Every structure is written in C-alpha cells, then in structure tokens.
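Data first, discussion second: the structure below is written as structure tokens.
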Amino acid sequence: MPTIAPETLTRFSAALLEAVEMTPPEAARCAASLVESNMRGYDSHGVMRLPFYIQMIETGEVDLKAPIRPDRPVTIGRADNNDIVLAFSTVSLNHLKIEMIGASLPVTDLGSANGTLIDGREIAPRTPRSIPPDTPVEIGTLRARIRLE
C-alpha cells in the first residue's frame, strides 16, 4: 500500500474541498481535522469521508453559508426540524442551539449523545455558554466556527 505524507494528503484534501466552494481557511481546517483523525487511528472519521462531504455540499444537504439570524435561536442537529441539518451519525437529532444576544453568542448543547466542545473543552448539557465569534466548536466529530458577518 502506498504511503502519503500527512502534509501532502492535507493539501490534496483541502484542494478538493475548495473545488466545491469551501473557503481556503475552512478547507484547510477541515482537511487538517480529517488527516489528524487518520493519524490518530480513527480512519472512519478521516479522509475516507471526503467523497461523502463533497456529495453533501454539491447536493445542498450542507450549506456552507448557513446564516445565523439575530432575531431567533438557530438549532443544529440531524433531524429535519433543525435550522441547520447535519446528516452525520455523530450529530444528535437535536444537538445544539445558538443565539445572538447583542454581541454575545450563547451556545447550548441540547443533551446530545456525543457532546459539544467549545475551544476544545466539553460544555455541560443544557447550560448556555457564551462564546466570542470565530471560536472553534465541535458538534459530535464535526468542527466548525461561528462567524458574524
């Protein structure tokens, strides 16, 4: 079996994600996360997921520019009743709620099975935690950032 250097695989993976209109910084973060999963032995969460991710972006199942509106909370989860639907097994049916209250972004894990991490630390279920914009958020095994534009 051929061996590919992690840096090469990361660049290649990022290029594939950029080809489906993911921004270069987001593509780089996503690619690095996937390769890191492979390097840690979690191949099922590694680059083998790229075709699935790309298909979901191309078919519109994943909206790379899903808005968070300040007039109401936004829910994220696997169920169709969420504002942002993530069809991944590590995402709970109703996983996370995000609100905008002034300049504050309270994030609440809705009792998910795989938890929510904010800046690498798990947050307590059903307890809002305010975060600054552009803070890394992990929803199950997915990594994202919440940006205000």
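Tabulated data for the structure shown
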| read-out | value |
| --- | --- |
| Hits in the range 106-127 - residues which are open to solvent by 30 Å² or more (accessible area, probe 1.4 Å) and outside any loop (DSSP other than H, G, I, E, B) | L117, R121, E122, P125 |
| Residue in the range 39-47 that is of a type in the set (F, W, Y) and either open to solvent by less than 70 Å² (accessible area, probe 1.4 Å) or under 12 Å from the mean Cα position of the chain (by Cα) (or both) present | no |
| Check on S130, modelled with pLDDT of 90 or more, assigned to a strand (DSSP E or B) and over 29 Å from F12 (Cα atoms) | yes |
| Residue selected from the range 20-37 under the condition open to solvent by 40 Å² or more (accessible area, probe 1.4 Å) and not in a loop (DSSP other than H, G, I, E, B), by the criterion farthest from R145 (Cα to Cα) | E36 |
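The values are calculated or read from the model by the stated rules, or taken from the named source; none is laboratory data. Please read all numbers here as calculations on a predicted model, not as lab measurements. The area values use the complete protein model at the heavy-atom level, side chains included, leaving out ligands, DNA and RNA. Shrake-Rupley method; radii C 1.70, N 1.55, O 1.52, S 1.80 Å.
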